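Report on one structure; see the data block that follows.
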Amino acid sequence: MKKTEKTNRRFMPALMLALAGMMPLASCSDDAFEKAAGNVTKDDGRSILVEVDSETPDADTRTQYNLAAWHTEFASGDEIGVFAYNGTDPVASNIKFTYDGTRWNGEVTIPYNENYTYFAYYPYAGERNNPPYTVGTSGTVDSRFSSFISDSNNKFHYADQSTAANFAKSDYMHAQGTDAGLRTITFTMQHKKALAVIGQTVNKWYDTTDPMTPHDTYVTFSDNIPYTSGDNRYFLCKNNVVTTVGGTSFTGQGGKYVIKDASVLTGTPSFTYSVSTDGGNTWGYFSSNRPSWLTVTGDVASGEPTDFNVTMTNSKTTELSLGPVTFRNVPNDDILKAASAVSNVDLSMMKNDGTSRGSRTTANCYLVHAPGTYRLPLVYGNAIRNGDESSSSSFYTTQTSNTLQRLVNHLDQGITAPWIKDNGITVDGGRLIWEDVKGMIKNVAVSGDYLTFEVNADKIAEGNAVIAATASGTTVWSWHIWVTAETLTYTTSVPVDGRANPYIVTPVNVGQINGTCETGTIYAGSQCKVRATGTGGTVEFLVVQPDYLHSNTYYNPSPYYQWGRKDPMFSPIGAYDAGGNALTYSTSDATSYVSSTDTTIGSTIQNPRIWYYNSSSTGPYGNGTNAKKYNYWDMNNTSADDNDLTPTVKTVYDPCPPGLCIPTGGLYVYIKRNYSSYFPWDTNRRTWTKNIPNITFPAAGYRDYINGSLKYAGDYGNYWSVSPVNSTNGRALGFTSSNASWVYDYHSSGYPVRAVLEE
């Protein structure tokens, strides 16, 4: 069987490893990834191709049992069922695809459409258009196939699993398809049944070459602690196979093979139980009550330990965190890694697409498209435009109503000139505040009138960072470095009645990562032994919980901004400080979450990553009414105008890249009034899409005004405008799965921003 190497190694939770064979961390080469792919007979040139792939480096999702390697492999003749949906409307139902040893062939064609969603399950059951159980028309793949997982009628496993063939064919899997291009739909199968391997008698073990014949040699086990949590599946150890779990190696006992799902295993067998957490050296007292985390069913009415099923449910134990992790599916990462390194690039002299501009334009956000060394001038944000260093329009206004006439620096002193040095400030250092790709930004320093830094070629990926210039260790100003393959050249023109010029809208959020990021924490697994004694004898088995990942997936994540602030707050994927430590917004972390009762604009500039809040604050980003002005992002703002159509006069606090700014409210009022023109909610990409003109808004969620906690990422989104409601609230576009609306929220809430062309 041909093996193809797959370089994207990643850890998968126990839930997805039911047939991985108790070896989530055991030795297994990358060639364990094997892909079975094939063509569907084309009828119109638009039918799909099907691939079935494995998501874990330590298992092949195949269904021919391999005793020596303790995994299963797809064999010729295996069958899957495939579904396709256009929104909630079925396009194809339970179409059988058969593996011929090389490719998957469908009994009929299934049309390809980039807007369709595709699903598959194994093993195939029922017949075309008549699946064995009800399939949901919406929701996640697990919710759609919930009745398949429950499997109350046992359509997906053999009652007798004492043979390798029956054992292998009892593995239920399913997946949502991923569009891999060229009409190819890849199904990364996930195991949804828990695996249990049970020794039939005490002091017996079973050789991998002969799993039905017991040996008498007693096997000892290393010390560890039992571990259970939530919906994770639990495993019993494989026959005499050395496995490493949570840093501990042990050798397992085994016997009869059974696969069951935790949700359908109930019952109280006629056994008494005892548990050992030190490998069988000592045991607890025997009790007629099963441990709360253990479920056993099957042929146990008389207490005969002959053929029964075991699974694990919840148990409260200490969680051992092995640290945060992020898995990325960001196609532009490869583009950035392939880019040629650059040297000493002045970002203020470059356009957003990476080409040279004729004169200096500064900003609070600069785009970077390649590894190498860069510099940016020590200028207050957007104070220089097209080489003009004499204008004060970005930091001073003659208007007095609801305005801060002269915007201030980190000392709360009015800014009088674009260059920081011309305001009496001597910059003597630089530092990294945060980055969301660990190790990507390094060597932040000051050289003359510039802040310099390097983008690490070994770590470059789409992401964000905030770097700062300092004076005697105090941050005097900071800048957002947006590392991306996005050039912001593909824009959308939105003409609005009453406005001389259309809004020219950029295609992505400021700081957006174009792809999906799965973030979470790896927790260490562990083990314990259980003895069950009944009238017919005693069984003893080892329960193993492998290391597992608790994670969330975010679609096109982007940073959040408090209304009026120039600095981004990191996106849902989190960030790292200069020391590589993971950062979160936590009420227990005084360095990230601070009441803004006595906050000034200057103190927020000195602390660009702190989330400021307070329900009765006098500070600029709290929720009270004092000391808050209308013109932090737009010097024109002197009153609350929901339908403001005037061009934004970009201030030194505007967070957008050069030549771009946050739009006035007129853009989002237009979108709100025309929301019926939107395509339906795209549950796969988590976006709203405006039909004509075409504008896509990721459902980025937001951060709560009270404590910065993440809300509703993937469910809906809000986008700031420069328009105020009053001294407490800013205006924003808001949308859910059913409509768009014109909303408002406290300044201390965190929303993404979408930039438009500066006029």
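The values are calculated or read from the model by the stated rules, or taken from the named source; none is laboratory data. Since this is a predicted model, take the numbers as computed values, not measurements. Ideal geometry is used to build each Cβ from the backbone, glycine not excepted, and the neighbour counts take in all protein chains shown.
In this entry, THR474 is excluded by the filter for residues that are surrounded by fewer than 20 Cβ atoms within 10 Å (Cβ to Cβ) and under 30 Å from GLY666 (Cβ atoms). For region 706-733, the set of residues classified as of a type in the set (D, E, K, R) and under 20 Å from SER639 (Cβ atoms) consists of ARG731 only. Looking across region 539-567 at every residue that is modelled with pLDDT of 60 or more and polar (S, T, N, Q), the one that is surrounded by the fewest Cβ atoms within 10 Å (Cβ to Cβ) is identified as ASN552.
Kindly evaluate ALA457 against the criterion of being modelled with pLDDT of 95 or more, of a type in the set (A, V, I, L, M) and assigned to a loop (DSSP other than H, G, I, E, B).
yes
Run ARG685 past the list (1) surrounded by fewer than 19 Cβ atoms within 10 Å (Cβ to Cβ); (2) at pLDDT 70 or above; (3) within 30 Å of LEU757 (Cα to Cα) and report the number of the one that doesn't hold. Here ARG685 clears every test but (2).
Please indicate, with yes or no, whether at least one residue in region 468-486 is in contact with an Asp or Glu (Cβ under 6 Å, 6 or more places away or on another chain) and assigned to a loop (DSSP other than H, G, I, E, B). Within region 468-486, one or more residues are in contact with an Asp or Glu (Cβ under 6 Å, 6 or more places away or on another chain) and assigned to a loop (DSSP other than H, G, I, E, B).
Using the structure shown, decide if ARG328 is of a type outside the set (A, V, I, L, M, F, W, C) and under 29 Å from the mean Cα position of the chain (by Cα). Considered against the rule, which asks whether it is of a type outside the set (A, V, I, L, M, F, W, C) and under 29 Å from the mean Cα position of the chain (by Cα), ARG328 comes out as yes. Evaluating THR696 against the criteria (1) part of a loop (DSSP other than H, G, I, E, B); (2) of a type outside the set (Gly, Ala, Ser); (3) surrounded by fewer than 19 Cβ atoms within 10 Å (Cβ to Cβ) leaves one unmet condition, (1).
A single entry from ALA485, ALA461 fulfils the requirement of being within 16 Å of ILE573 (Cβ to Cβ) and touching a helix residue (DSSP H, G or I) at 6+ places or on another chain (Cβ under 6 Å): ALA461.
Of the helices (runs of 4 or more DSSP H) lying entirely inside region 103-209, none contains at least 3 residues that are in contact with a Pro (Cβ under 9 Å, 6 or more places away or on another chain) and modelled with pLDDT under 60.
Of all the residues in region 551-570, those that are in a loop (DSSP other than H, G, I, E, B) and closer than 18 Å to ASN729 by Cα number 4.
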